[in-house]
Amino acid sequence: MNSLDFNGERVSSTLVRRSLQQGKLEFVRLILGRDYSIGGRVIRGDGFGRTLGFPTANVALRCSNIAISGIFVVRVALENKLLNGVASLGVRPTVKQTKIPLLEVHIFDFNRKIYGKYIRVLFLKKLRDEKKFNNVDQMVLQMRKDKKTAQDFFLD
């Protein structure tokens, strides 16, 4: 069987993983023919995001070795609807750092309890890498900027 080439590179899971690590979501979309996504059940978090004005849907991840991390513009598929949002996928270096990556999704203009519901998070654009901030105030300021950038993405 012949291998499939795309732009001179052999298409493989290694190519997809490497492209995800580099934040090349447009390239991954072309290779896969769809947006890269992660699905899972929404689990209860510690509620910290809500206290900061950023309630999140926390997705239980089955694998700790995920090729993608950072802050992203996302769409969330929930009950046959697509909702816009911003997501963090990583180990939370500023507050309550974790060893296993956590997917936290802030869905815009959304205020429903969806614990136990299955959602699929489609990664559209990488905004930045995860960063350890000196304090929570700096982190919240950056979160506001990330949210605005993600909202603007959907206006284009």
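At-a-glance table
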item	result
Where Leu15 falls short, out of the listed (1) among the aliphatic types (A, V, I, L, M); (2) modelled with pLDDT under 90; (3) closer than 17 Å to Ser64 by Cα	(3)
Exclusive hit being under 22 Å from Lys148 (Cβ atoms), in contact with a Lys or Arg (Cβ under 9 Å, 6 or more places away or on another chain) and in contact (Cβ under 8 Å) with a residue 60 or more places away in the chain, set Glu130, Glu104	Glu130
Hits in segment 95-121 (condition: open to solvent by 40 Å² or more (accessible area, probe 1.4 Å) and among the hydrophobic types (A, V, I, L, M, F, W, C))	Ile100, Phe110
Conditions (1) touching a strand residue (DSSP E or B) at 6+ places or on another chain (Cβ under 6 Å); (2) open to solvent by 60 Å² or more (accessible area, probe 1.4 Å); (3) touching a residue at least 60 places away in the same chain (Cβ under 8 Å); number of the one not met by Leu82	(3)
In segment 122-140, the residues that are open to solvent by less than 70 Å² (accessible area, probe 1.4 Å) and assigned to a strand (DSSP E or B)	Leu122, Phe123, Leu124, Lys126, Leu127, Arg128
Per-region count, segment 37-59, residues touching a residue at least 40 places away in the same chain (Cβ under 8 Å) and either surrounded by fewer than 19 Cβ atoms within 10 Å (Cβ to Cβ) or not aliphatic (A, V, I, L, M) (or both)	16
Residue check, Ile68 surrounded by 14 or more Cβ atoms within 10 Å (Cβ to Cβ) and more than 14 Å from Lys147 (Cα to Cα)	yes
Test: Val28 is without any contact (Cβ under 8 Å) to a residue 24 or more places away in the chain and either open to solvent by less than 40 Å² (accessible area, probe 1.4 Å) or hydroxyl-bearing (Ser, Thr, Tyr) (or both)	yes
Filter result (closer than 16 Å to Pro101 by Cβ and β-branched (Val, Ile, Thr)) within segment 21-41	Ile38
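The values are calculated or read from the model by the stated rules, or taken from the named source; none is laboratory data. From a predicted model like this one, the values you see are computed outputs, not experimental measurements. FYI the Cβ positions are ideal-geometry reconstructions off the backbone, even for glycines, and counts take in every protein chain you see. To get the accessible areas, we keep the full protein, side chains included, count just its heavy atoms, and leave off ligands, DNA and RNA. Shrake-Rupley method; radii C 1.70, N 1.55, O 1.52, S 1.80 Å.
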